[in-house]
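Contents: one structure, followed by commentary.
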Protein chains: 2
Amino acid sequence: MFTSLILPALKNPALSEMHDGAMVDLEGRRVAFSTDTYVVDPIFFPGGDIGDLAINGTVNDIAMCGATPLFLSVGLVLEEGFPLAHLERIVRSMASAAERADVMVVTGDTKVVPKGAADKIFVNTSGIGLIPEGIEISGDRAKPGDQIILSGTMADHGATILIQREGMHFESAVTSDTAPLNHMVRSMLSACPHVHVLRDPTRGGVGTALNEIAEKSKVGIRIFEDRIPVRDDVSGICELLGLDPLYIANEGKLLAFVRPEDTYDVLAAMKKDPCGAGACVIGEVLDDHPGRVYLETPIGGNRIVDMLTGEQLPRIC
Amino acid sequence: MFTSLILPALKNPALSEMHDGAMVDLEGRRVAFSTDTYVVDPIFFPGGDIGDLAINGTVNDIAMCGATPLFLSVGLVLEEGFPLAHLERIVRSMASAAERADVMVVTGDTKVVPKGAADKIFVNTSGIGLIPEGIEISGDRAKPGDQIILSGTMADHGATILIQREGMHFESAVTSDTAPLNHMVRSMLSACPHVHVLRDPTRGGVGTALNEIAEKSKVGIRIFEDRIPVRDDVSGICELLGLDPLYIANEGKLLAFVRPEDTYDVLAAMKKDPCGAGACVIGEVLDDHPGRVYLETPIGGNRIVDMLTGEQLPRIC
């Protein structure tokens, strides 16, 4: 939606880059600036709520530019009659997420709309961060030969929300993976400043993120099905609902594209962080088939991982 | 709401200042950072729409810090089935507002929620700007003797929305005053860098803005009823609806607190700008009655202009 309709109208060099966050110049300082609105339903779920989800989401969008997130804004839309106790819980959750990520919420706005004009609560977070000298990370920098690292199991957040929403009585301990990734990114970039691409595969999942990178970098991508970590219960939930975990949202995972010679260092840095304990190489960048993403199955078959067509799951984040 | 509940939880030095925008330090650069969500109903109204309102609003919040607004983000929440033609019109309106204000929309996000989960469209805009060297403007800097300038007629935006909403068949040409004030602010600060306070009296109107400044600066304020410009039709609409124009929203006006010796220069700079053609002195800062705002009536009476109690008009911006 933003790409097809809104981008052309607001066209300008920074916007056209289409990162998670924009990179702008403020008198010689490279600043990452990002915004995201959270409309997740339900607003409380195992592992988190709309409050920490919103803080972590914008922290991560900024971190994916290679930047250090510093300052956040919070814009709330509340439905009249929204329970104060819920609001307090969400605000506390935002405060502790901000503390964990080491960012400050410096400005905010609250609008209350009449009953029925919004569903409970929507949260917008925007944020700014500084990109350190020497860091050049963006979705168009994937190079043939790059190894593709995923920081842990896939589809946990989306599966958690879906179970809650469907009221499925599932014997599952799956929880949202919502978490700030900025500390892990800092460790990764200390270990290796030459990371080419960072991306958090949120809405649309790993499949969509890889397609966007393949397109922007004009490269092919191959991933290996048996190397992609997915929890058994998440895999089961997806099968039951007829969904492919490759397209299910993550809120505390990242994809990193690194030179082969840097893979070990980056992986080692990731594994030292709780958010990256399950990090592994899931694929590589090809020197042909630009714009295409292939999934190699354990028996050696190949299928194309397409862009998701039609509507994504609504209100997953 | 943000003040009483959210501020304490997210407590930090920058947030506690409670400006329209926060002022933060980015490696020695003073940056203004602001956010606002627009939920106005109706979304199209005489003089503007939710699109230019949202751009101008954040541009103005940044300008009220004395900063030059540079980069904006846009976060949209759309109700499923929202007409594409309306969205296109709103996006075009955002684009031309951004052009007029000379800012770039550099990042954005769109969420679509199911029918009934939001009313049509909500727009969040956040933005950043640079505060020039030597400029020190904030709500706690009003000083006894300061002259208080209002840039033009009061309550035009709120009255416009109210007429539309009530379906009043009024013979009135009143339109929203939505406009970017940053160019005028730049002229004002070129003429006089010693402006103490700038504030755009949006939600809650001039009355609320003056009360906030009186409280933060710990000063008394006296304004003169017969000096405050109000259009006759706006005054009539307010009377009919039982509302005080002092509390009705403006979207293209500002209040400036300046030293007596600077009043002429600032007024002259304002009057050269179309947004300030109707600028005039409406009152002064007292050396007693800290936190109080008085309105002097033409016959010499005095009444206290209180903070608005209870709910403000919903969805006025």
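The values are calculated or read from the model by the stated rules, or taken from the named source; none is laboratory data. Quantities reported herein were computed from a predicted structural model and do not represent experimental measurements. With ideal geometry, Cβ positions are generated from the backbone for all residues, glycine too; neighbour counts draw on all protein chains shown. Accessible surface is based on the protein model in full, side chains and every heavy atom, while ligands, DNA and RNA are left aside. Shrake-Rupley method; radii C 1.70, N 1.55, O 1.52, S 1.80 Å.
Tabulate in residue order the Karplus-calculated ³J(HN,Hα) for the stretch A:64-81, using 6.51 cos²θ - 1.76 cosθ + 1.60 with θ = phi - 60°, rounded to whole Hz; enter x for Gly and Pro.
Calculated HN-Hα couplings, in order: 5, 8, x, 8, 8, x, 10, 10, 10, 10, 10, x, 10, 10, 10, 7, 3, x Hz.
Sorted from shortest, what are the nm distances separating the label point of B:LEU84 from equivalent points in the other copies, each placed 7 Å from Cα along Cα to C-beta?
4.6
Per residue of chain A, what 222 nm ellipticity follows from adding -39500 (n - 2.57) for every DSSP H run with n ≥ 4, rounded to the nearest 500?
Numbers: 8 runs with 89 residues, N = 317.
Calculated from helices alone, the mean residue ellipticity at 222 nm is -8500 deg cm²/dmol.
Taking both sides together, what accessible area is buried at the A/B interface, probe 1.4 Å, expressed in Å² and rounded to the nearest 100? Can you show the working numbers first?
On the way: alone 14730 and 14700 Å², together 23850 Å².
Between A and B, the summed buried area is about 5600 Å².
Distance in nm between label sites at A:ASP140 and A:ILE299, each 7 Å beyond Cα in the beta-carbon direction?
It is 4.2 nm.
For A:PRO193, what charge total do you get from the other residues with a beta carbon under 10 Å from its beta carbon, if Lys and Arg give +1 and Asp and Glu give -1?
Details: positive: none; negative: A:GLU133, A:GLU136, A:ASP262.
Local charge sum for A:PRO193: -3.
Label position 7 Å from Cα toward Cβ: report the copy-to-copy distances for A:GLY167 in nm, one decimal, ordered from shortest.
For A:GLY167, the inter-copy label distances come out at 3.7 nm.
Show the residues, 5+ positions off or on another chain, whose built amide H is closer than 5 Å to the amide H of B:ARG30.
Answer set, sorted by chain and number: B:ILE131.
Which semi-axes, in whole Å and largest first, does the equivalent ellipsoid of the stretch B:226-317 have when worked out from the alpha carbon gyration tensor as the square roots of 5 times its eigenvalues? Walk me through the numbers before you get to the answer.
On the way: eigenvalues 114, 77, 39 Å².
Those come to 24, 20, 14 Å.
Between the label point of B:ASP244 and that of the same position in each other copy, find the distances and list them shortest first in nm, with every label point placed 7 Å from Cα along the Cα-to-C-beta direction.
Computed spacing set for this position: 6.3 nm.
Note down, for chain B, the three equivalent ellipsoid semi-axes (square root of 5 times each alpha carbon gyration tensor eigenvalue), biggest first, whole angstrom.
29, 24, 19
Tell me the net charge near B:HIS183. Cut-off is 12 Å between Cβ atoms, B:HIS183 excluded, with +1 for each Lys or Arg and -1 for each Asp or Glu.
Taking every other residue near B:HIS183 into account, the sum is +1.
Could you tell me which of the pairs B:LYS218/B:LYS253; A:LYS143/A:LYS271; A:LYS115/B:LYS218 are separated by over 30 angstrom between their Cα atoms in the structure shown?
Beyond 30 Å: A:LYS115/B:LYS218.
Provide the packing ranking of A:30-37, A:117-124, B:100-107, i.e. peptides ordered by the mean count of other C-beta atoms within 10 Å per residue, highest first.
The most tightly packed comes first, giving A:30-37, A:117-124, B:100-107.
Net charge near B:LEU84: determine it from the other residues with C-beta under 14 Å of the C-beta of B:LEU84, scoring Lys and Arg +1 and Asp and Glu -1.
So the surrounding residues net to 0.
Mind checking which of A:ARG303, A:ARG259, A:ARG227 has the largest fluctuation in a GNM of chain A, springs on alpha carbons under 10 Å?
Maximum fluctuation in the GNM of chain A, among the listed residues, is at A:ARG303.
Shape call for the stretch A:152-223 from the C-alpha gyration tensor, a ≥ b ≥ c root eigenvalues: rounded (a/c under 1.5), prolate (a/b greater than b/c) or oblate? All intermediate terms of the calculation are to be shown ahead of the outcome.
Details: a/c = 3.34, a/b = 1.61, b/c = 2.07.
It comes out oblate by the Cα gyration axes.
Accessible area per residue for the stretch A:79-118 in Å², computed with a 1.4 Å probe and the full protein assembly in place, what is it?
Heavy-atom SASA per residue in the stretch A:79-118 reads 45 Å².
For peptide A:128-139, compute the average count of partner chain beta-carbon atoms within 10 Å of each residue's beta-carbon.
Details: counts 8, 1, 2, 0, 0, 0, 0, 0, 0, 0, 0, 0.
Taking the mean over all residues of the peptide, I get 1.
Please give the FRET efficiency for B:MET168 paired with B:ALA85, using the beta carbon to beta carbon distance and R0 = 25 Å, rounded to the nearest 0.05.
After rounding, the FRET efficiency stands at 0.40.
Name the long-range amide H neighbours of A:VAL112: under 5 Å, sequence gap of 5 or more, or other chain; modelled H, no Pro or chain starts.
A:LEU78
Please report the carbon-and-sulfur percent of the accessible area for the stretch B:208-277; probe 1.4 Å, protein heavy atoms only, DNA, RNA and ligands left out.
49
Could you size up the charge dipole of the stretch B:97-138 around its Cα centre, putting +1 on the beta carbon of Lys and Arg and -1 on that of Asp and Glu, and report it in debye to the nearest 20? It would help to have the intermediate numbers written out before the result.
Values: 4 positive and 6 negative charges, 88 e Å.
Approximately 420 debye in magnitude.
From the phi of every residue in the stretch A:120-131, what ³J(HN,Hα) in whole Hz does the Karplus formula 6.51 cos²θ - 1.76 cosθ + 1.60 yield, where θ is phi - 60° and glycine or proline is x?
Once θ is set to phi - 60°, the couplings for the stretch A:120-131 become 6, 8, 10, 10, 9, 10, 10, x, 10, x, 9, 8 Hz.
Positive end of the dipole of the stretch B:166-317, charges at C-beta (+1 Lys, Arg; -1 Asp, Glu), about the Cα centre: which of B:VAL305, B:TYR294, B:LEU198 has its Cα farthest in that direction?
Result: B:LEU198.
What is the set of long-range amide H partners of A:GLY204 at a cut-off below 5 Å, with H atoms built 1.01 Å from backbone N?
Distant-sequence amide H within range of A:GLY204: A:ALA249.
If the chain between B:ASP265 and B:SER96 were fully stretched, how many nm would it gain, using 0.36 nm times the residue separation less the Cα-Cα distance?
Answer, rounded to one decimal: 57.8 nm.
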